[in-house]
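Structure first, commentary second.
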Amino acid sequence: MSELQIIDLPVAGMTCASCVNRIERYVGRVDGVSEASVNLAAERARVAFDPTRTTVGALHHAVEAAGYRVVDGVAPDDLDRRRATEQEALRRRWVASLVLGLAMMALMLLPLGLDQRALRPILLLTATVVQVWAGATFYRAAWRAATHLSATMDTLVAVGTSVAFGYSAFVTLWPAAVVTLGLPDEVYFESSIIIVALVLLGRWLEARAKQQTGSAVRALMGLRPTTARVIRNGVEFDAAVDEVRVGDRVRIRPGDRIPVDGVVAEGSSAVDESMLTGESLPVEKAPGDEIIGATINRSGSFVFEARRVGTDTALAQIVRLVTDAQGSKSPVQRLADRVAEIFVPLVLGLAGLTFIGWLVLGPSASFALTNAIAVLIIACPCALGLATPTALMVAAGKAAEHGILISGGEALEVARSLGTVILDKTGTLTVGRPAVVSVAPIGGFDGSELIRLAAGAEVGSEHPLGTAVVRHARENGIEPPPSSAFTATAGSGVAAQVDDHSVLVGTAEHVGAHGDATTLADGVALAGATPLLVAVDGAVAGVLGVADTIRPEAAEAVGQLRALGLGVWMLTGDRRATAAAVAERVGIDADHVIAEVRPDAKAAAVRAQRATGLVAMVGDGINDAPALAEADLGIAIGTGSDVALAASDVTLVGADLRGIVTAIGLARRTGSVVRQGLAWAFGYNILLIPVAMGLLYPAFGILLNPILAAAAMAMSSVSVVTNALRLRGFEPPASARAILHPSPAARLADVGYLVAIGAAALVLGGAALVLANPAHGTTDAGASVQRSDRQ
């Protein structure tokens with residue numbers, strides 16, 4: 001089998017969870033497709049397929065066969081404009097429908113002294129225009145489904161409103177036949193129109209939510225400049241960023257935003273990389289240094305060579321990660337989709353059963369018709385299809401704002417249920433770059449002079465430890481003096497002539513150290529650093545301790561993870577003594593340190609920990625990739641290797657380990673929001689469908705008016721979307737306690753949200769009881785609302 005190819009197909013025409021399942025079934029049946037995942041809120045279908053067995057054209061055909069269309073080749077700006085246009089069209093339709101519906105209700109219910117039968121033709125004409133214009137979207141979607149012998153949520157709305165409208169039109173056009181057949185002389189024009197208006201209102205709010213949750217991606221895309229100053233074949237010219245090729249030289253002036261990734265070739269400057277690292281201080285850049293596209297050049301001018309362009313740039317990868325997260329689907333959402341798949345046929349059956357049952361047992365055909373329509377309307381579970389993807393989209397965008405890139409809904413679900421976090425040492429708990437951490441002169445030698453001479457000897461060295469000595473000298477204002485007669489001995493050290501002194505830097509054997517000098521060196525090694533002994537003119541002058549420095553926030557992050565009740569381990573290929581020293585300083589128990597392990601052994605160690613629960617692995621290097629892939633949740637440090645990033649589920653862009661705690665806090669908050677949304681969506685349908693069927697009528701005389709059913713259905717979608725949007729107010733927790741024990745303000749917000757939903761439900765319920773009260777005039781013992789023309 002050849003390597004699978006993954007493609008994202010923008011799909012238009014989806015309106016509910018049934019649409020999602022339908023497309024997944026059709027695309028999934030295409031030969032060569034291994035996985036098809038459709039996200040309603042993101043309007044995308046992600047398909048993994050074998051390109052030797054099928055084609056992209058076949059995938060397009062499958063989507064179209066399901067009754068939808070692929071809008072491929074649409075630029076992001078064009079897609080945004082299309083969505084804005086659709087959103088505006090929805091707004092016009094629901095506003096016009098609601099205004100006309102309320103006006104019709106006033107004319108039919110209020111004692112205005114109008115001849116209701118004379119008014120009916122006008123109502124029919126108005127209702128026809130609204131039904132055809134505003135309700136067209138439901139009819140088109142229902143027809144597509146019917147041509148494929150299936151039903152969707154649009155089918156429920158189309159059937160319910162058509163039954164109410166059709167019966168009213170029949171009563172208006174053939175009044176004599178109504179009398180002959182003994183049917184109720186009642187019309188429901190305003191009911192069908194207001195139902196259409198309220199469903200469209202819910203769709204409009206959903207469309208607004210989609211637009212708002214995509215703001216993170218649009219903001220990231222806005223960071224990329226549109227043009228670049230390219231030098232090609234000796235000619236310098238302005239070109240569109242998309243035209244920059246690998247190997248091109250690009251000139252950057254002060255204030256310019258860097259267009260693509262590359263390496264400085266000429267000149268130097270300070271670059272603001274805060275968009276990538278979160279670090280507010282500009283980073284000095286010189287020839288050979290890597291630069292990242294979308295960062296800002298603050299001072300100086302330089303020329304760099306383009307190394308990564310187009311979709312390979314760091315910014316493009318960030319955008320792709322955020323987009324993938326927003327279009328992903330979690331296991332709990334797949335469960336909701338499977339439920340929705342059988343829900344529509346079940347509801348249609350219940351509506352038919354309600355009509356037939358009350359037609360036989362009830363007081364009138366009008367009573368049976370009203371209840372059947374209410375069942376069709378109340379059952380539309382738009383909220384079911386929105387509960388999870390909307391929350392995940394908002395969470396992914398919010399995480400990106402805090403420098404956390406989440407690959408999908410599964411990552412969020414695992415993050416909130418972790419039991420163990422395993423941290424790599426080098427580049428994760430530590431900075432990943434050796435630095436001088438201690439200077440110990442011997443025999444009264446001056447410390448600054450010791451550093452100056454050692455740096456002079458190491459200037460010609462390419463070894464990381466020698467580079468650390470030179471860097472330490474310059475950071476402390478000591479310029480290394482010129483040297484001569486430089487020699488380097490692999491595994492031992494260097495020798496050079498510096499200021500007429502013979503200087504040796506390296507191991508104890510290399511410099512000929514013994515006695516107190518070797519004792520001091522052993523102490524440096526026990527502290528977790530590598531000792532570099534320095535001899536000047538044959539006498540040992542001191543010992544330098546060089547180590548990979550611990551990240552300043554590492555101890556705090558470990559403490560917060562432990563406070564969350566998580567087991568924290570360290571995994572490293574470094575020496576046991578060094579690993580133990582680092583573990584002690586950051587607060588990891590000695591028996592939770594696994595040292596001197598190869599990359600494949602790292603994966604095995606992670607596998608062993610998974611036997612005790614869900615495990616997260618945090619790493620940055622190529623050697624961490626197998627362990628990251630093995631873990632339930634792989635977390636990569638953004639400054640690490642591309643391989644580590646590719647193997648991870650979560651990326652910490654700024655390399656701040658406290659981002660792990662933030663990710664867990666956001667995951668737990670998102671999980672709560674998803675559970676609240678699904679509970680409301682399922683509970684709403686389970687509780688109100690029996691009421692709509694009239695099961696409470698025999699004992700309590702309670703019915704659910706179709707108009708109120710539509711309002712309740714719209715409120716369900718609105719409640720789920722607004723609840724998910726509350727995640728936009730998430731802020732990184734100040735401590736683990738803030739995650740385990742939410743603040744009074746957060747609890748109050750949750751309670752306030754539930755109270756608001758409950759109050760709205762009570763208002764709707766109260767209105768239903770008032771309308772069903774015989775004191776307000778009903779036929780057949782409260783079977784339906786009686787208007788002045790319904791005698």
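The values are calculated or read from the model by the stated rules, or taken from the named source; none is laboratory data. From a predicted model like this one, the values you see are computed outputs, not experimental measurements. Note that each Cβ is placed from the backbone with ideal geometry, even for glycine, and that neighbours are counted across all protein chains shown. Each accessible area value is taken on the protein alone, full model and side chains, heavy atoms only, with ligands, DNA and RNA left out. Shrake-Rupley method; radii C 1.70, N 1.55, O 1.52, S 1.80 Å.
Things to note:
- Any chance Gly443 is under 15 Å from Val540 (Cα atoms) and in a loop (DSSP other than H, G, I, E, B): yes
- Residue within the stretch 35-43 that is closer than 19 Å to Arg144 by Cα, at pLDDT below 90 and not acidic (Asp, Glu) present: yes
- Wholly within the stretch 630-714, helices (runs of 4 or more DSSP H) carrying at least 2 residues that are modelled with pLDDT under 75: 642-647, 658-693
- Residue among Leu181, Leu100, Leu125 that alone is of a type outside the set (Phe, Trp, Tyr) and modelled with pLDDT under 80: Leu181
- Where a residue in the stretch 20-48 is in contact (Cβ under 8 Å) with a residue 12 or more places away in the chain and closer than 24 Å to Ala395 by Cα and its partner, wherever it lies, is part of a strand (DSSP E or B) and among the acidic types (Asp, Glu), with Cβ under 7 Å and at least six apart: Arg44/Asp8; Arg46/Asp8
- Identity of the residue in the stretch 585-603, assigned to a helix (DSSP H, G or I) and loosely packed, with under 14 Cβ neighbours inside 10 Å, that ends up nearest to the chain's Cα centre (by Cα): Asp600
- Test: Glu273 is farther than 30 Å from Leu9 by Cβ, open to solvent by 10 Å² or more (accessible area, probe 1.4 Å) and modelled with pLDDT under 75: yes
- Once the stretch 246-272 is narrowed to residues that are of a type in the set (Asp, Glu) and either under 19 Å from Val235 (Cα atoms) or not in a loop (DSSP other than H, G, I, E, B) (or both), the residue that is farthest from the chain's Cα centre (by Cα) is Glu266.
- Residue among Ala579, Ala557 that alone is over 30 Å from Glu458 (Cα atoms), among the small types (Gly, Ala, Ser) and in contact (Cβ under 8 Å) with a residue 24 or more places away in the chain: Ala557
- Listed conditions (1) part of a loop (DSSP other than H, G, I, E, B); (2) open to solvent by 50 Å² or more (accessible area, probe 1.4 Å); (3) modelled with pLDDT under 90 are all met by Glu284, apart from (1).
- Of the residues making up the stretch 532-565, those that are within 30 Å of Thr420 (Cβ to Cβ) and open to solvent by less than 10 Å² (accessible area, probe 1.4 Å) number 4.
- Test: residue in the stretch 69-76 that is at pLDDT below 80, part of a helix (DSSP H, G or I), under 29 Å from Tyr26 (Cα atoms) and open to solvent by 30 Å² or more (accessible area, probe 1.4 Å): yes
- Residue ID - farthest from Glu24 (Cα to Cα), chosen from residues in the stretch 35-68 that are out of contact with any strand residue (DSSP E or B) (no Cβ under 8 Å at 6 or more places or on another chain), open to solvent by 40 Å² or more (accessible area, probe 1.4 Å) and not in a helix (DSSP H, G or I): Thr52
- Thr420 more than 30 Å from Ser719 (Cβ to Cβ), surrounded by fewer than 23 Cβ atoms within 10 Å (Cβ to Cβ), in contact (Cβ under 8 Å) with a residue 12 or more places away in the chain and hydroxyl-bearing (Ser, Thr, Tyr): yes
- Restricting the stretch 460-481 to residues that are at pLDDT below 90 and more than 18 Å from Val439 (Cα to Cα) leaves a set whose member that is most open to solvent (accessible area, probe 1.4 Å) is Glu462.
- Cβ-Cβ contacts under 7 Å between residues 6 or more apart (or on different chains), taken from a first residue in the stretch 105-124 that is within 17 Å of Ser168 (Cα to Cα) and assigned to a helix (DSSP H, G or I) to a second residue that is among the β-branched types (Val, Ile, Thr) and open to solvent by 80 Å² or more (accessible area, probe 1.4 Å), are absent.
- Meets criteria (surrounded by fewer than 23 Cβ atoms within 10 Å (Cβ to Cβ) and modelled with pLDDT of 85 or more) for Ile442: yes
- Condition met for Val718 (surrounded by 16 or more Cβ atoms within 10 Å (Cβ to Cβ), modelled with pLDDT under 75, among the β-branched types (Val, Ile, Thr) and part of a helix (DSSP H, G or I)): yes
- Single residue of Ser502, Ser484, Ser461, Ser448 found to be out of contact with any Pro (no Cβ under 9 Å at 6 or more places or on another chain) and part of a helix (DSSP H, G or I): Ser448
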